[in-house]
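Contents: one structure, followed by commentary.
The values are calculated or read from the model by the stated rules, or taken from the named source; none is laboratory data. In this text, all values refer to a predicted model and were calculated from it rather than measured experimentally. Neighbour counts run over all protein chains shown; Cβ positions are idealised from the backbone, glycine included. Surface accessibility is based on the protein's heavy atoms, side chains included, excluding ligands, DNA and RNA. Shrake-Rupley method; radii C 1.70, N 1.55, O 1.52, S 1.80 Å.
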Amino acid sequence: MAIERTFSIIKPDATKRNLTGKIISKFEDAGLRVVASKRIHMTQAQAEGFYAVHKERPFYGDLCSYMVSGPVVVQVLEGEDAIAKNREVMGATNPADAAPGTIRAEFAESIEANSVHGSDAPETAAEEIKFFFTDDEIVG
Ligand code: RTP
Ligand code: MG
């Protein structure tokens, strides 16, 4: 298995409830390492650009509004099989379907306010990391 990097967001519902440490512990316990991290308040333009792939979906407008409703923590996670491992630790998009012990099962409030984002493939991981981080902000 290859060492990969993936992009993660701790979303506004989680920062609001002061859950960043508990969520990062789940990543670390799964063998993922935080190699870049910053707390930001996304602009509307950043949210719309980041989620442009969902532009035609009915939830796009609400999703962008939610993502600018409070601070987020953007991160790069590194480890063996990091992309799949991160999504496993996150659990299903809808917390009602998320496996016990996953971040979304334990912390998500709804299908929208579901506490975390994680890249879904190597190409999107690379794009999403570049969207928020410069190379010198990532320390492996
Ligand atoms: P993510 O991209 O955030 O890691 O989550 P995902 O792959 O599990 O879900 P995706 O289908 O890519 O959707 C992106 C985010 O949009 C919100 N969403 N709302 N109201 C709805 O039906 C709905 N469906 C999705 C969630 O915040 C989801 O994580
Ligand atoms: Mg997605």
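Here are a few things to note about the model shown:
- Here Glu48 meets the list (1) in contact (Cβ under 8 Å) with a residue 24 or more places away in the chain; (2) within 22 Å of Ala126 (Cα to Cα); (3) open to solvent by 10 Å² or more (accessible area, probe 1.4 Å) almost entirely, failing just condition (1).
- Every residue from segment 84-97 that is open to solvent by less than 50 Å² (accessible area, probe 1.4 Å) and either touching a residue at least 24 places away in the same chain (Cβ under 8 Å) or away from ligand 2 (no atom under 14 Å from the Cβ) (or both): Asn86, Val89, Met90, Pro95
- Residues that are open to solvent by 50 Å² or more (accessible area, probe 1.4 Å) and within 12 Å of ligand 2 (Cβ to nearest atom) within segment 112-126 comprise just one, Asp120.
- In the set Asp81, Asp135, only one residue is surrounded by 12 or more Cβ atoms within 10 Å (Cβ to Cβ), of a type outside the set (Lys, Arg) and farther than 20 Å from Pro12 by Cα; that residue is Asp81.
- Scope segment 27-43; condition in a strand (DSSP E or B) and among the hydrophobic types (A, V, I, L, M, F, W, C); matching residues: Val34, Val35, Ala36, Ile40
- Among all positions in segment 15-33, there is at least one residue which is open to solvent by less than 50 Å² (accessible area, probe 1.4 Å), touching a strand residue (DSSP E or B) at 6+ places or on another chain (Cβ under 7 Å) and touching a residue at least 60 places away in the same chain (Cβ under 8 Å).
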